[in-house]
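Working notes for the structure below.
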Amino acid sequence: MQKTISRQSIIDEALSWVGTPYQHQCSIKNAGCDCLGLVRGIWRKLYGAEPVKLPPYTPDWAEVGAEETLRDAADYYLDPIELADARPGDVLLFRMQVGVPAKHMAVLIEPDLIVHAYWGRAVTRSFLAPYWLRRRAYAYAFPNTKN
């Protein structure tokens, strides 16, 4: 049986990554990560080893394919929830362009604040401003999350 994880521990771990430089396909706190690497790092801290080894992926993987790869993986390893039900400690997936698969993810740390890593920046806190609100596609809870 998997241990229960508090939302606050997810938020605290996400915040501990703030300032980590953006580095495609990486997941090492204070050294480099991308948005998926951030969520992978949180997983390792709270649950232990990652459940699967990821294959290499290019920065434009979502633009060149039609598969919802990130969503499908999130559906398998995380607990899908309605966007309207997302709470601090949950993971949000975003579509960066209309008509392409979701390719960005962030951790909601307050009702209007996310922590995420994106191209050209370090892991940062961002307001869930209209830019991000329009791009939300899916929401997930980490497994066995409690209040």
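The values are calculated or read from the model by the stated rules, or taken from the named source; none is laboratory data. Just so it is clear, the structure is predicted and the values come from calculations on it, not from any experiment. Here the Cβ positions follow ideal geometry from the backbone for every residue, glycine too, while neighbour counts run over all protein chains shown.
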* Structure fact -> Only one of V107, V100, V115 is part of a loop (DSSP other than H, G, I, E, B) and either surrounded by 14 or more Cβ atoms within 10 Å (Cβ to Cβ) or out of contact with any Ser or Thr (no Cβ under 8 Å at 6 or more places or on another chain) (or both), namely V100
* **Among the candidates R44, R87, residue that is part of a loop (DSSP other than H, G, I, E, B), under 14 Å from the mean Cα position of the chain (by Cα), at pLDDT 95 or above and within 25 Å of L113 (Cα to Cα)** => R87
* To do: Pull up the stretch 67-79, narrow it to residues that are among the hydrophobic types (A, V, I, L, M, F, W, C) and more than 22 Å from Q8 (Cβ to Cβ), then point me to the one that is surrounded by the most Cβ atoms within 10 Å (Cβ to Cβ).
  => L70
* Structure fact -> Given the conditions (1) modelled with pLDDT under 95; (2) over 19 Å from S9 (Cα atoms); (3) among the acidic types (D, E), every one holds for E82 apart from (1)
* Residue match in the stretch 3-17 (condition: surrounded by 14 or more Cβ atoms within 10 Å (Cβ to Cβ), within 15 Å of Y118 (Cβ to Cβ) and among the small types (G, A, S)) -> yes
* Cβ-Cβ under 8 Å pairs, at least 6 apart or on other chains, the stretch 15-31 side of a type in the set (S, T, Y), far side in a strand (DSSP E or B) -> T20/I28; T20/G32; T20/C33; Y22/G32; Y22/C33; S27/C33
* Asked: Restricting attention to the stretch 66-102, which residues are in contact with a Leu (Cβ under 8 Å, 6 or more places away or on another chain) and without any contact (Cβ under 8 Å) to a residue 40 or more places away in the chain?
  -> L70, P101
* Structure fact -> Here the residues within the stretch 118-147 that are over 12 Å from the mean Cα position of the chain (by Cα), under 24 Å from N30 (Cβ atoms) and assigned to a loop (DSSP other than H, G, I, E, B) are W119, G120, R121, A122
